[in-house]
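Each remark here refers to the structure printed beneath this line.
Only the coordinates and a few stated rules stand behind these numbers; no lab work does. Keep in mind it's a predicted model, so treat the numbers as computed, not measured. Note: ideal-geometry Cβ built from the backbone for every residue, glycine included; neighbour counts use all protein chains shown.
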Amino acid sequence: MKSRKIYNRISALRKERGISRRDLAEKIGVNFQTVGYLEREEYSPSLDLAFRICDFFDLPVDFIFSTEQMKPMSMEIMDLKGGNNG
């Protein structure tokens with residue numbers, strides 16, 4: 001069975017919080033190059049690594065990872081606020 005592509009928001013979250021790839025890698029226990037592979041979606045994290053990333057950002061798995069292309073975070077926030085009522 002072919003594995004599914006895993007999309008993520010790691011880059012956006014990292015940049016929003018002013019964290020370098022190297023700093024994030026240190027906090028989650030991987031090589032900084034691994035963070036780059038994850039951000040470019042060239043590598044899918046193990047379940048354990050996905051949970052470590054979620055714990056670091058203090059966000060649920062489905063906010064950071066998805067098997068479908070993700071909307072920009074600004075659109076997610078608008079959806080939570082009740083849509084774009086112009």
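Remind me, relative contact order of the chain in percent, using alpha carbon pairs under 8 angstrom and six or more residues apart? Let's see the in-between values first.
On the way: 65 pairs, mean separation 30.5, N = 86.
So the answer I get is 35 percent.
Tell me which trypsin sites (Lys or Arg not before Pro) from the stretch 1-78 have a DSSP coil assignment and no more than 14 other beta carbons within 10 Å of their own.
Numbers: sites: Lys2, Arg4, Lys5, Arg9, Arg14, Lys15, Arg17, Arg21, Arg22, Lys27, Arg40, Arg52; in loops: Lys2, Arg4, Lys5, Arg9, Arg17, Arg40.
Sites meeting the loop and neighbour criteria: Lys2, Arg4, Lys5, Arg17, Arg40.
At a Förster distance of 22 Å, what's the computed FRET efficiency of Asp55 paired with Gln33, Cβ-Cβ distance as r, to 0.05? Working shown, then result.
Values: r = 21 Å, r/R0 = 0.96.
Efficiency for this residue pair is about 0.55.
Test of understanding: in a Gaussian network model of the chain with alpha carbons linked when under 10 Å, which of Leu38, Leu13, Leu47 would top the mean-square fluctuation ranking?
Checking each option, the largest mean-square fluctuation is seen for Leu47.
What per residue convex hull volume, in Å³, do the alpha-carbon atoms of the chain yield?
110
Please compute the modelled spin-label separation between Lys71 and Glu26, points set 7 Å along Cα→Cβ, answer in nm with one decimal.
Going by the 7 Å Cα→Cβ label model, 3.7 nm.
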